[in-house]
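Working notes for the structure below.
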Amino acid sequence: MARKKKEDTVADKLMDELLKDYSTPEEILGENGLLKQLGKRLIERALKGELSYYLEQNEEESNSRNGYSDKTIQSAQGEMTINVPRDRKSNFEPILVPKREKRIQGLDEKILGLYARGMSTRDIQEQIEELYGVKISAGLVSQITAEVKEDIREWQNRPLEAVYPIVWLDGLRVNIRHEGRVSIHVLHVAMGVNIEGHKEVLGLWLS
């Protein structure tokens, strides 16, 4: 009996060690949380789509891609450093993150809406238009949508570990705009700890 109690104590200590820095809002919304990571991915994919569209529309300039430059911006999730694609002639002017602009607001709902479920092209186009907050051409929306949709598909289909000794399930209430209407949904979050002790977001689902 005493041995059983000792084993339970060791297990409790292990659990306490794994949980000591875990806080649902912080893991999702904090400095290094999921939302910030997805926000960075979304912005970089959208900018990549912008440059692709720009180069297609200006083929006569014999321009091309020329790597990336780092830019630090302020968002609702705090400060983040993004990779901004460049063109060889330096004529490309991003719309989402203009060259002299360092602040982006209102990403939270759009990011969650994009990554949490398999959205149709129309849904993504609507979110993209709201994300930019300005009137952009249908061709540009389609190009950005294609880039973002590819990233969403890769994230949703990424390989997971065969075993997660510990799994947390939680939910956050979020406002999601769909076809011009805003409704309240629950974002279900599954997080796990793999056998090496690292936390990982397993999935997001909206209901």
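The values are calculated or read from the model by the stated rules, or taken from the named source; none is laboratory data. What you see is a predicted model; the values in this text were computed from it and never measured. Glycine gets a Cβ as well: all are built from the backbone with ideal geometry, and neighbour counts include every protein chain shown. These accessible areas exclude ligands, DNA and RNA; they are computed on the full protein's heavy atoms, side chains included. Shrake-Rupley method; radii C 1.70, N 1.55, O 1.52, S 1.80 Å.
For Gly113, state whether it is at pLDDT below 75 and under 28 Å from Met191 (Cβ atoms). Yes; evaluated as a whole, the condition is true for this residue.
Residues in the stretch 156-168 that are loosely packed, with under 15 Cβ neighbours inside 10 Å and within 22 Å of the chain's Cα centre (by Cα): Gln156, Asn157, Arg158, Pro159, Leu160, Glu161, Val167. Can you confirm whether Lys102 is exposed (fewer than 14 other Cβ atoms within 10 Å of the Cβ), basic (Lys, Arg) and at pLDDT 90 or above? Taking the combined requirement at face value, the residue does not satisfy it. Just give me the residues in the stretch 150-178 being in a loop (DSSP other than H, G, I, E, B) and without any contact (Cβ under 8 Å) to a residue 40 or more places away in the chain, in sequence order. Those that are in a loop (DSSP other than H, G, I, E, B) and without any contact (Cβ under 8 Å) to a residue 40 or more places away in the chain: Asn157, Arg158, Pro159, Glu161, Ala162, Val163, Tyr164, Pro165.
Considering Leu14, Leu19, the condition of being open to solvent by 90 Å² or more (accessible area, probe 1.4 Å), at pLDDT below 65, closer than 21 Å to Lys199 by Cα and of a type in the set (A, V, I, L, M) is satisfied by Leu14 alone. Criterion applied to Glu147, Glu130 was being charged (D, E, K, R), outside any loop (DSSP other than H, G, I, E, B), at pLDDT 75 or above and surrounded by fewer than 17 Cβ atoms within 10 Å (Cβ to Cβ), and the one residue passing it is Glu130. The residue that is surrounded by the most Cβ atoms within 10 Å (Cβ to Cβ), counting only those in the stretch 53-98 that are within 20 Å of the chain's Cα centre (by Cα) and among the charged types (D, E, K, R), is Lys71.
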